[in-house]
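Here is the structure we will look at, set down as structure tokens.
Computed from the coordinates by the stated procedures, all read-outs in this text should not be read as laboratory data. The model shown is predicted, which means the values in this text are computed figures rather than measured ones. Counting neighbours? That spans all protein chains shown, and the Cβs are built from the backbone with ideal geometry, glycine included.
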Amino acid sequence: MTCWKNITPNLNRIFLSPLLIACLLQSLPSAAQEEFIPPPSRLLTRIPFQLLTGGIIVVRARVNNFPDTLTFIFDTGSGGISLDSTTAQEMKLQTFLTDRTIRGIAGIRKVSFAYNLTLRLPNLEVDSLNFHISDYDILTSVYGLKIDGIIGYSFLSRYIVKVNYDSNIIDVYTNGTTKYPKGGFLLRPIFAGLPVQGARVRDGADVFARFYFDTGAGLCLLLSSDFVQDSSLFAVKKKRPVITEAEGLGGKTAMELSTVKDFRLGPYHFRNVPTYVFDDIYNVTSYPSLGGLIGNDLLRRFNCILNYERREIYLIPNSHFTDPFDYSYTGLGIYWIDGAVRVADVMKDSPAEKGGFKEGDIIIAVGNNVSNNIQTYKNLLQNIGEKVTIIVRRPTGLQELSIRVRSIF
């Protein structure tokens, strides 16, 4: 090498030229040189959240000087930040139609934007945000409360965000140096706008693939049918999946619901995980680059630290880590519509069809519960093997029906 050509041996000593000294100094570990270290991250605010069915996180916030508090889904699967179209109208926001499109499980659409808005959280104001405008009526009907928007990458990329499912608190920190606690595991996902994490899934075939890390998906796993077919994932599966529907941007779409025998995320291992499979017409799951997504009914089993600046996600198993999965199946699609819990879908050959339910039935009571709360009703329909009495209202009057909750596993 060039540096060594300047060494001149002289009996018992070696003369080091200035050039060699410079080379040796350059080869020393960087820790011995001057190094810029970002300041420590500091806590900005603590935000309480509510957990809905499927593990969906909702937080309350305000936008600009609009007096009402709005409800947002906290979503690592969103590439921006958004408002519901009716909420934007109520706020009298000026919106601009663009050529940009967004994709959902049931459609693709061009979106309008409202520019340079401020998100107001407890003790934190986030300015210069461009909200895309979308229709979230389907989400409102699914969860039984008005969904005003989604908080995603536009917010998450600015901070270190710690989500604690034991206390239902989100801590927001400035970017900077941070020390992760003991007892967890550091993921290093790819960030292609959204975090993409490798994981292993096994059911007959043993497949390593990449998945969206999606806290906005109210399920455990969602796989595209192309991925399942090409990987031969369920090639030797004996039990047939059940047919159901799932909701997302653009509306509802038919899906198969089954389980995978084994799913591994980092060192963490889950068995018999409920899994949706669907024909991904709009390529939401970006196959063949990705196989699908990991949803929050699985991710909520970890307290997590989202550090987008360093492209890191740190997982710590929490008190929900060993919670049983929800294997219940009724084939009864219920939604909050016009102030009532209504039956909108009855799957063929399902317990709901056998129980005599019809589309348009208004649910008055589930068991002894008459709360008219869709979240409560859904929880009461998760007890596998139980025969549940349900009172419905029809044009002919009240009627008592029953449904026996079936297991997909």
Can you give me the Cα centroid spacing of region 215-237 and region 281-323 in angstrom?
15 Å
Let me check I've understood the local charge: for LEU299, count other residues with C-beta under 13 angstrom from its C-beta, Lys and Arg +1, Asp and Glu -1. What total comes out?
-2
Per the rule of 0.36 nm per residue minus the C-alpha distance, extending ASP206 to PHE185 adds in nm 5.3 nm
Scattering from the C-alpha atoms of region 203-242 alone, worked out with Debye: what is log10 I(q)/I(0) at q = 0.14, 0.19, 0.33 1/Å?
-0.38, -0.67, -1.21
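Taking only DSSP H segments of four or more residues, each worth -39500 (n - 2.57), what value at 222 nm results for the chain once the sum is divided by all its residues, to the nearest 500 deg cm²/dmol?
Details: 8 runs with 49 residues, N = 409.
Computed ellipticity for the chain at 222 nm equals -2500 deg cm²/dmol.
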Among all stretches of the chain without exposed GluC sites (Glu not before Pro) (DSSP loop, at most 11 other Cβ atoms within 10 Å), which one is longest?
36-358
Taking R0 as 22 Å, what FRET efficiency do you get between ASN130 and GLN375 from their Cβ-Cβ distance, rounded to the nearest 0.05?
0.10
Taking a threshold of 21 Å on the Cα-Cα distance, which of the pairs LYS239/LYS378; LYS252/LYS358; LYS110/LYS162; LYS162/LYS261; LYS146/LYS252 fall above it?
LYS239/LYS378; LYS110/LYS162; LYS162/LYS261
Coordinate range along principal axes, alpha carbons of region 75-229, Å, largest first
53, 42, 31
Kindly put ILE150, ILE364 in sequence by how many other C-beta atoms sit within 10 Å of each C-beta, fewest to most.
ILE364, ILE150
Placing each pseudo-label 7 Å from Cα in the direction of the beta carbon, ASN272 and GLU386 end up separated by a distance in nanometres of 1.9 nm
At most 14 other Cβ within 10 Å, DSSP loop - trypsin sites (Lys or Arg not before Pro), region 60-122
LYS92
Distance (nanometres) between label positions extended 7 Å along Cα→Cβ at TYR282 and ALA192
1.8 nm
Over the chain, what is the mean sequence separation of C-alpha contacts under 8 Å (at least six apart), divided by residue count, expressed as relative contact order in percent?
15 percent
ASP68/LYS110 FRET efficiency (R0 41 Å; Cβ-Cβ; nearest 0.05):
0.90
How high is the relative contact order of region 259-346, in percent, with contacts defined as C-alpha pairs under 8 Å that are six or more residues apart?
16 percent
Distance from a point 7 Å along Cα→Cβ of ILE337 to each backbone N in region 354-380: keep the residues under 16 Å and list them by number.
357-364, 374
Once both label points are put 7 Å beyond Cα along the C-beta direction, the LYS146-ASP99 separation in nm becomes 3.6 nm
Taking the Cα atoms of region 185-317, what is the range of coordinates along each of the three principal axes, in descending order and whole Å?
41, 32, 24
Plugging the Cβ-Cβ distance of GLN229 and ARG404 into 1/(1 + (r/R0)^6) at R0 = 35 Å yields, to the nearest 0.05, a FRET efficiency of 0.60
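Beta carbons within 10 angstrom, averaged per residue: use that to sort the peptides 365-372, 193-200, 299-306, highest first.
My ranking of the peptides, most packed first, is 299-306, 193-200, 365-372.
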